[in-house]
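Read through the structure below, which is laid out as structure tokens, and then see the notes.
The values are calculated or read from the model by the stated rules, or taken from the named source; none is laboratory data. Note that this is a predicted model, so its numbers are computed, not measured. Don't worry about glycine lacking a Cβ; one is built from the backbone with ideal geometry, like all the others, and counts go over all protein chains shown.
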């Protein structure tokens with residue numbers, strides 16, 4: 001018998017090992033690729049640390065899955081008890097050691113000392129042996145293997161097998177107080193508590209909610225009491241614990257996942273009675289679980305309302321609600337400030353023309369050249385060759401000077417075109433006034449400056465015609481005469497008591513100061529601010545972050561306003577004839 005069980009454990013081990021070895025190789029390969037591409041979290045450690053961590057994770061899973069399947073295939077009896085008590089741990093330890101020795105030597109250690117590798121393997125083997133021993137000790141003490149269960153044999157006519165969900169134990173009345181035979185319309189009822197239910201109830205003992213902790217303790221106590229009574233719940237109703245489960249691969253074959261507690265419960269029900277679902281009923285208060293159970297062919301039932309325990313008020317929750325109410329009351333005593341554009345919106349659209357080098361300067365130069373040709377070029381140069389040379393030199397100087405003027409004029413006009421006037425409004429939406437309010441606005445990186453100084457170049461000096469009565473050059477240059485020569489400052493009008501925008505120590509942050517009181521339900525209009533956007537490419541949207549601080553108010557009001565940017569084509573230059 002012991003030899004057969006040893007062989008069974010070895011067969012189960014190899015079955016799971018083949019799958020997990022392949023998964024480990026694939027994951028190790030993917031990790032190597034990520035490190036080679038530097039696409040890995042620096043907090044993950046070195047490539048070697050990550051590889052060893054994967055071995056630790058996958059081989060621990062191998063141990064747990066092999067032991068779980070072994071448990072589901074063991075039959076109660078003296079031979080099984082003797083094997084679990086004396087030989088199972090030794091057999092599992094031998095399998096663990098053999099599996100660890102199969103691990104390939106990492107390429108990163110080739111040619112180097114193998115001391116670290118040997119230490120890693122020894123620690124890994126000891127850890128896996130501990131896991132295996134713990135799992136085997138647990139199943140050795142299960143009631144199913146200490147004595148046969150009624151549910152494992154032939155069912156008496158009219159018997160129903162019930163797999164209760166965790167919420168039945170935690171949110172339902174005690175199992176003894178539920179009339180299971182009447183609820184199910186059965187002559188006999190077997191309540192089967194799955195391993196995952198026991199685990200979930202045990203975890204709830206550490207739930208943050210005190211009421212849930214108390215329910216978990218009571219649920220554990222009633223299970224212990226029923227087990228001590230040889231599984232008798234009430235007349236015609238018995239209880240048994242089962243630790244038989246499907247492993248992760250078998251669960252996936254049914255479309256279930258190991259990480260989902262509800263799926264593990266269904267996996268336990270699928271292993272029960274060799275997969276015969278005829279008289280098995282899944283009882284829960286969770287519609288999701290009931291729907292999945294029905295899709296697998298199980299009968300389902302919601303626990304009747306009369307057997308549910310009303311949720312008592314949790315002292316901690318009650319205290320939290322009280323504190324939140326106090327906080328809300330305190331907030332209500334403070335002003336409620338928000339920041340918007342003067343239109344009342346939190347978004348606005350700005351049109352900024354697409355600019356190209358010399359798109360403004362060149363039309364000025366062309367106009368000047370043509371006007372000069374009409375006025376100066378039409379006059380003959382009288383005198384000797386020396387005068388002719390002087391006139392040519394003067395023409396070159398004038399051309400250079402006007403080209404310099406045109407480029408400076410273009411730079412100024414470009415800057416003006418990239419300036420967007422923005423007006424803000426401060427609202428107080430509460431019944432409480434605010435005093436000494438300051439509004440800080442953080443400019444996005446796409447904004448070069450605010451309220452910039454843009455200087456236009458002085459008008460160049462033009463040579464007059466040597467012929468009396470000849471019109472001046474400027475008279476022939478309408479574009480030049482109508483050019484912008486000054487930059488309009490921002491509109492300073494605002495609600496009285498507002499100063500700004502002011503520069504702070506951070507060049508990207510400006511501030512407005514509101515003296516006096518911002519009345520309840522009041523609106524304060526701030527002076528206009530001119531934002532100079534940078535030249536070149538711009539995103540479709542930028543944000544202006546803001547922070548509002550008021551005297552005597554502990555909280556800051558923060559948010560952001562959005563400016564959508566639309567790039568437009570500049571107007572076509574007029575043709576100079």
Next item on the list: Would you point out the residue of region 238-265, among those that are without any contact (Cβ under 8 Å) to a residue 40 or more places away in the chain and assigned to a helix (DSSP H, G or I), that is nearest to residue 74 (Cα to Cα)?
Entry: 250
Item checked: Residues of region 134-168 classified as under 23 Å from residue 309 (Cα atoms) and either at pLDDT below 80 or out of contact with any strand residue (DSSP E or B) (no Cβ under 8 Å at 6 or more places or on another chain) (or both), total -> 1
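Looking at region 297-313, which of the residues that are in a loop (DSSP other than H, G, I, E, B) and touching a strand residue (DSSP E or B) at 6+ places or on another chain (Cβ under 9 Å) is surrounded by the most Cβ atoms within 10 Å (Cβ to Cβ)?
Among them, the one singled out is 303.
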Next item on the list: Output the number of the condition that residue 294 fails; it satisfies all remaining conditions of (1) within 33 Å of the chain's Cα centre (by Cα); (2) part of a helix (DSSP H, G or I).
Entry: (1)
Note to self: Would you confirm, using the coordinates I've provided, whether residue 171 is under 42 Å from the mean Cα position of the chain (by Cα) and buried (at least 20 other Cβ atoms within 10 Å of the Cβ)?
What the structure shows: no
Margin query: When you check residue 278 against the structure, is it over 33 Å from the mean Cα position of the chain (by Cα) and either within 30 Å of residue 554 (Cβ to Cβ) or surrounded by 12 or more Cβ atoms within 10 Å (Cβ to Cβ) (or both), yes or no?
Written below: no
Item checked: region 408-433: number of residues that are buried (at least 17 other Cβ atoms within 10 Å of the Cβ) and more than 47 Å from the chain's Cα centre (by Cα) -> 1
Item checked: Any pair with Cβ under 9 angstrom, 6 or more apart, that starts in region 407-425 at a residue that is in the same structural domain as residue 451 (by TED's automatic domain parsing) and without any contact (Cβ under 8 Å) to a residue 24 or more places away in the chain and ends at one that is in a helix (DSSP H, G or I) and crowded, with 17+ Cβ neighbours inside 10 Å -> 411/361
Check: Which members of region 223-237 meet the condition of being touching a residue at least 12 places away in the same chain (Cβ under 8 Å), surrounded by fewer than 17 Cβ atoms within 10 Å (Cβ to Cβ) and assigned to a helix (DSSP H, G or I)?
Finding: 227
Item checked: Qualifying positions in region 371-402 - surrounded by 15 or more Cβ atoms within 10 Å (Cβ to Cβ) and either in contact with a strand residue (DSSP E or B) (Cβ under 7 Å, 6 or more places away or on another chain) or modelled with pLDDT of 80 or more (or both) -> 371, 372, 398, 402
Next item on the list: Please find, among 524, 493, the residue that is in contact with a strand residue (DSSP E or B) (Cβ under 6 Å, 6 or more places away or on another chain), farther than 16 Å from residue 445 by Cα and assigned by TED's automatic domain parsing to the domain that holds residue 419.
Entry: 524
Next item on the list: Would you mind stating whether residue 542 is part of a strand (DSSP E or B), modelled with pLDDT of 90 or more, exposed (fewer than 12 other Cβ atoms within 10 Å of the Cβ) and touching a strand residue (DSSP E or B) at 6+ places or on another chain (Cβ under 8 Å)?
Entry: no
Check: residue 512 passes all but one of (1) surrounded by 15 or more Cβ atoms within 10 Å (Cβ to Cβ); (2) touching a residue at least 60 places away in the same chain (Cβ under 8 Å); (3) part of a loop (DSSP other than H, G, I, E, B); which number fails?
Finding: (3)
Note to self: For residue 316, only one of the following conditions fails: (1) surrounded by fewer than 17 Cβ atoms within 10 Å (Cβ to Cβ); (2) touching a helix residue (DSSP H, G or I) at 6+ places or on another chain (Cβ under 6 Å); (3) at pLDDT 90 or above. What is its number?
What the structure shows: (3)
